[in-house]
Amino acid sequence: MSVKRLSSFHYLKNHCPSSISQDGKTEEFGSRDREKYVEEFNFPFCDDASKYERVAKIGQGTFGEVFKGKDKSNPKKYVAMKKVLMDNEKEGFPITALREIRILQLLEHVNVVHLIEICRTKAHSNNKSKFTFYLIFDFCEHDLAGLLSNVNVVFNLGEIKKILQQLLEGLWFIHRNNILHRDMKAANVLITKNGVLKLADFGLARAFSLPTKEGNRYTNRVVTLWYRPPELLLGDRNYGPPVDLWGAGCIMAEMWTRYPIMQGNTEQHQLNLISHLCGSITPEVWPGVEKFDLYKKMELPKGQRRKVIERLKHYVQNDAACDLLDKLLILDPSKRIDADTALDHDFFWLDPLPAEADLSKMLARHTQSMFEYLAPKRRAGHRAHHRQVPICSSNTKGIIDTGFHDRIF
Ligand SMILES: Nc1ncnc2c1ncn2[C@@H]1O[C@H](COP(=O)(O)OP(=O)(O)OP(=O)(O)O)[C@@H](O)[C@H]1O
Ligand SMILES: [Mg+2]
């Protein structure tokens, strides 16, 4: 997809006669003329979404809906259509979607979801002359949250290694290209029927430069609460790739526990859960942590021992896996393992080798697509009664938050 396609959004903005001119005076175009102009407008590099037939809704995100679509010119070709939420059309095409598109254009890798093109529906009077834009992706049959919430899907150790190896390959690639994902969670990890993993949802992603002395000033209101690392919870704004590796650690544990391991209801609660699992947050284990704004403002549990391996070994039952988990869930981001080093870990080089796992064979036993959206029981508050209590639980003080939609800019 060329950059030219993107420029068509700006084309309309610059060429559509607006009722207010640059010097603030009203122009001669009336609202009816304007509507007609918009109705007849053809984006030069943006196809009509009607080339795809919407088959089913498969996702409902913070920023819009996602549908499975069929290419009318090639009925064997399925796509995912992510609708761009135009909540404030006066400000034009949303900057968050523009950022997602720009980043996806940069990232071409087997373990990153492939953006095919941007499409739009025509504006007409019964949709109040609004265009709807869709990001069109290669379709993946499942997301990891959907797979993990289905008890009939059983992964053996080799298959788990294969998934985690691909996840880390994807992270290694995006980090090498100076992109942070900033929303790692099982629902944002897609798996094709052939067992190829694709990192998805770059709606919160951004380019980064290495943490500097002067300090970058990135927002820390990113990453779904349950997967949010301690540095973000403490207000760090000069963070880097380790934020995604923490999320990878949470996802890795989830491969065995089958549910998110730390389901906090508030930022304070999330920090409590982290401290109970990873030990107290102190300058001894994390030099410099005392400099964060929130270090003194939050109530950080004292005297907690680190219990990552102790708590997870019953589920994981593999020493190398426990060791890698322990290295991913390190409190101090500067000591947390990076994607490259994690890929060299014994976990991936001891039997059963990931290369020998055939995920496509296992997935072939399941003909239905599995997505988080189609498995609502996974969401907090809808959790099935038979589900086990998260490995980390503490008093929630009665505040309810699904943990899936805590995304604020
Ligand atoms: N290419 C794809 N193939 C199949 N399913 C997809 C694809 N892209 C997205 N989905 C499904 O749609 C869901 C929502 O998509 P995405 O995460 O990109 O949107 P979002 O609005 O940012 O979501 P959220 O706010 O919940 O994170 C995904 O969790 C996944 O289940
Ligand atoms: Mg998502």
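The values are calculated or read from the model by the stated rules, or taken from the named source; none is laboratory data. Fair warning: this is a prediction, and the values are worked out from it, not measured in the lab. Because the Cβ atoms are built from the backbone with ideal geometry, glycine has one as well, and the counts that use them run over all protein chains shown. Heavy atoms of the whole protein, side chains included, go into the accessibility calculation; ligands, DNA and RNA do not. Shrake-Rupley method; radii C 1.70, N 1.55, O 1.52, S 1.80 Å.
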Area of His314 that stays accessible when all protein chains are in place (1.4 Å probe, Å², to 10): 130
Quick check on packing: order 74-83, 221-230 by the mean number of other C-beta atoms within 10 Å, highest mean leading. 221-230, 74-83
The distance between the Cα centres of the stretch 137-203 and the stretch 285-299, in whole Å, is 32
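Using the structure shown, list the pairs from Lys335/Lys361; Lys161/Lys185; Lys83/Lys185; Lys76/Lys198 with a Cα-Cα distance above 28 Å, or answer none.
Distance filter (> 28 Å) returns Lys335/Lys361.
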Could you work out the Rg to Rh ratio of the stretch 223-293, with Rh taken as the Kirkwood radius (inverse of the mean 1/r over all Cα pairs)? 0.95
Checked against the positive end of the charge dipole of the stretch 147-305 (+1 on Cβ of Lys and Arg, -1 on Cβ of Asp and Glu, about the Cα centre), the farthest of Gly288, Ile274, Pro211 is Pro211
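Can you check what the net charge comes to around Trp172, using other residues whose Cβ is under 12 Å from the Cβ of Trp172 (Lys, Arg +1; Asp, Glu -1)? Working shown, then result.
Details: positive: Arg176; negative: Glu169, Asp244, Asp338, Asp340, Asp344.
That works out to -4.
First select every other residue whose beta carbon is under 9 angstrom from the beta carbon of Leu277; then total the charges, Lys and Arg +1, Asp and Glu -1.
Details: positive: Arg306, Lys307, Arg311; negative: none.
So the surrounding residues net to +3.
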Once label points are set 7 Å from the Cα along Cα→Cβ at both Gln60 and Lys307, what is their separation, rounded to one decimal in nm? 3.6
Sticking with the crude label model, points 7 Å out along Cα→Cβ, report the distance from Leu353 to Lys70 in nm, one decimal please. 4.2
Given points 7 Å out from each Cα along the Cα-Cβ axis, report the Asp332 to Ile116 separation in nanometres with one decimal. 4.9
For every other residue with a beta carbon closer than 13 angstrom to the beta carbon of Arg237, add +1 if it is Lys or Arg and -1 if Asp or Glu, then tell me the sum. +1
